[in-house]
1. Express the C-alpha Rg of the stretch 54-130 as a ratio against the empirical globular expectation 2.2 N^0.38 Å, rounded to two decimals.
2. Place a label point 7 angstrom from the Cα of GLN20 along the Cα-to-Cβ direction, then list the residues of the stretch 76-100 whose backbone nitrogen is under 20 Å away.
3. Label points 7 Å out from Cα along the Cβ direction at ILE159 and GLN127: separation in nm?
4. What Kirkwood radius, in Å to one decimal, follows from the Cα pairs of the stretch 17-171?
5. Just to be sure I understand the model, the point goes 7 Å from the Cα along the line to the Cβ. What's the resulting ASP28 to LYS86 distance in nm?
Amino acid sequence: MQVEHSSTPLSPVDLGPSLQYLTFSLGDEVFAMDIRCVREIIQHGNMTMVPLMPAFVRGVINLRGSVVPVIDLQSRFGRPRAQVGKKTCVIIFDATVDGEKVELGLMVDAVSEVIDIAQADIEAAPQFGTTIRRDFIHGMGKVGGDFIVILAPERALDINEMAALAEKGLAS
């Protein structure tokens, strides 16, 4: 799905302030996350597997001397592990753990573009009918005639929750 947006600037008076979001795809679905937490986007490459990790942790990469865990977003959403394709990318973003910033990698099928979404065009997450946990959704952004799921990375990619899932997997 191609995401389109108007190149005509909108007055902040009309729609309120807008924020920029990085859009990316998982299968046929388009998601977005606030660009302010994104550090960079890299091509999928060699990963070191880590034993006894949950399925959503694909491994770790060496990013300029730092060890960065890579999360398979498809798997994190409870879906089958993602297949690596030609456009598979890793979005490096800043997560927060106990007030400290930690770099995480997010494996996605493809990165689309950066778009502006006015705050007035963001609706609350629906009460039912979503393909991912409702608490993972910041809101639904109206872009053209379509809705884009805007992730809440502080919940969808909560390091403490993911660590608890990893420990639970070790205990079973």
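Taken together, the values in this text are just the output of simple stated rules run on the coordinates, not laboratory data. Every value quoted in this text rests on a predicted model; they were computed, and no experiment measured them. Reconstructed Cβ throughout: ideal geometry from the backbone, glycine too, with neighbour counts over all protein chains shown.
1. Working: Rg = 15.0 Å, N = 77, 2.2 N^0.38 = 11.5 Å.
Compactness ratio reported: 1.31.
2. 90-95
3. 3.7 nm
4. 16.1 Å
5. 2.1 nm
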